[in-house]
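**Q** Attaching a single structure in structure tokens format; questions to follow.
The values are calculated or read from the model by the stated rules, or taken from the named source; none is laboratory data. This structure is a prediction, so every number in the text was calculated from the model and none was measured. Here the Cβ positions follow ideal geometry from the backbone for every residue, glycine too, while neighbour counts run over all protein chains shown.
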Amino acid sequence: MKEILIVEDISQARAFLVDILGDVFPRASVSEAVDLRSAIHLCERSQFDLALVDLQLPDGDGYSVLRKLAQTQDRVISIVTTALGSDAAIVAALSAGADGYVLKSDPRDMIASHIRLIPQGQLPLSPAIARRVLGHFRATGPSVDSEPELTPREGEVLSLVGRGMRVSDVAAELGLAPSTISSHVKAIYRKLNISNRAEAAYQAARMGFLTDE
């Protein structure tokens, strides 16, 4: 990740994210926008690899930023970083083009771990958001349509990833190396034609890999 955009109006939250990015991507150039207007301006003048977008801005909302990023950026990965965790906010953000959704209340090391795995194609979804996604889709039950065939191990991995667990946590749970879990995740994403944890959570619920705990 060489060019990163942070869209956040609260100075303490911006500093928090800048500090994390400094640890994870020390050579990256980080641009900061404090409102919708400055975010739109940066989107029009620069190309970004990663954007961290808050949903509440003083002159608008982050959904507009997500849509602008989708329209103007060729390679950007857009991650929502917000305090909002409602169903409406999640659905609106994903519909606007978000690739992941992280709550700012998550522990620092969890957020850093999520961001560190983005270049490997593992897009972040906070555990609390994963539960909301599952709650929204679980009622539909397993699909009766023909499904791509997953191995038993891939089914286990999808079930755990779908609950919002990090690769390191899945590895510990299953007694496998993190690199092995990463390989399984890539295979699952390829078979299901998905690209982020929100989609993984939905597919896990839809395919019947999740049961009430």
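**Q** Does at least one position in the stretch 35-55 carry a residue that is more than 22 Å from residue 111 (Cα to Cα), part of a strand (DSSP E or B) and either in contact (Cβ under 8 Å) with a residue 24 or more places away in the chain or not charged (D, E, K, R) (or both)?
**A** Within the stretch 35-55 (the criterion being more than 22 Å from residue 111 (Cα to Cα), part of a strand (DSSP E or B) and either in contact (Cβ under 8 Å) with a residue 24 or more places away in the chain or not charged (D, E, K, R) (or both)), the answer is no, since none of the residues qualifies.
**Q** Still on this structure: What number of residues within the stretch 1-41 satisfy the criterion of being under 16 Å from residue 112 (Cβ atoms) and among the aliphatic types (A, V, I, L, M)?
**A** Counting residues in the stretch 1-41 that are under 16 Å from residue 112 (Cβ atoms) and among the aliphatic types (A, V, I, L, M) gives 12.
This table checks each residue for (1) surrounded by fewer than 16 Cβ atoms within 10 Å (Cβ to Cβ); (2) under 30 Å from residue 1 (Cα atoms); (3) modelled with pLDDT under 90.
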site	(1), (2), (3)
141	yes, no, yes
148	yes, no, yes
186	yes, yes, no
202	no, yes, yes
213	yes, no, yes
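**Q** Could you tell me which residue of the stretch 56-71 is nearest to the chain's Cα centre (by Cα), considering only residues that are over 17 Å from residue 94 (Cα atoms) and not in a loop (DSSP other than H, G, I, E, B)?
**A** Here is the first cut: in the stretch 56-71, the ones over 17 Å from residue 94 (Cα atoms) are 57-60.
Restricting the remaining residues to those that are not in a loop (DSSP other than H, G, I, E, B) gives 57, 60.
Details: 57: 20, 60: 22 Å.
Selected residue: 57.
**Q** Restricting attention to the stretch 178-207, which residues are within 13 Å of residue 148 (Cα to Cα) and not in a helix (DSSP H, G or I)?
**A** Our first condition is that a residue be within 13 Å of residue 148 (Cα to Cα); within the stretch 178-207, this holds for 187-194, 203-204, 206-207.
Correct list: 193, 194, 207.
**Q** Now for a separate question. Contact list please: Cβ distance under 8 Å, first residue in the stretch 102-116 and over 18 Å from residue 54 (Cβ atoms), second residue among the small types (Gly, Ala, Ser) and in a helix (DSSP H, G or I), pairs at least six apart or on different chains.
**A** 113/168
**Q** Just checking, how many residues over the stretch 154-177 are at pLDDT 90 or above and either part of a helix (DSSP H, G or I) or buried (at least 20 other Cβ atoms within 10 Å of the Cβ) (or both)? So that I can check it myself, show each step before the final result.
**A** First, the residues of the stretch 154-177 that are at pLDDT 90 or above: 154-158, 170-177.
Narrowing the set further to residues that are either part of a helix (DSSP H, G or I) or buried (at least 20 other Cβ atoms within 10 Å of the Cβ) (or both) leaves 154-158, 170-174.
Number of matching residues: 10.
**Q** Does residue 40 fit the bill of being over 27 Å from residue 200 (Cβ atoms) and among the aliphatic types (A, V, I, L, M)?
**A** Details: over 27 Å from residue 200 (Cβ atoms): yes; among the aliphatic types (A, V, I, L, M): yes.
So residue 40 fits the description; yes.
**Q** With the checklist (1) surrounded by fewer than 19 Cβ atoms within 10 Å (Cβ to Cβ); (2) out of contact with any Asp or Glu (no Cβ under 7 Å at 6 or more places or on another chain); (3) not charged (D, E, K, R) in hand, flag the one item residue 39 doesn't pass.
**A** Residue 39 satisfies all of (1) surrounded by fewer than 19 Cβ atoms within 10 Å (Cβ to Cβ); (2) out of contact with any Asp or Glu (no Cβ under 7 Å at 6 or more places or on another chain); (3) not charged (D, E, K, R) except (1).
**Q** Filter the stretch 72-106 down to the residues that are part of a helix (DSSP H, G or I), hydrophobic (A, V, I, L, M, F, W, C) and in contact with a Gly (Cβ under 9 Å, 6 or more places away or on another chain) and list them by number.
**A** 93, 96
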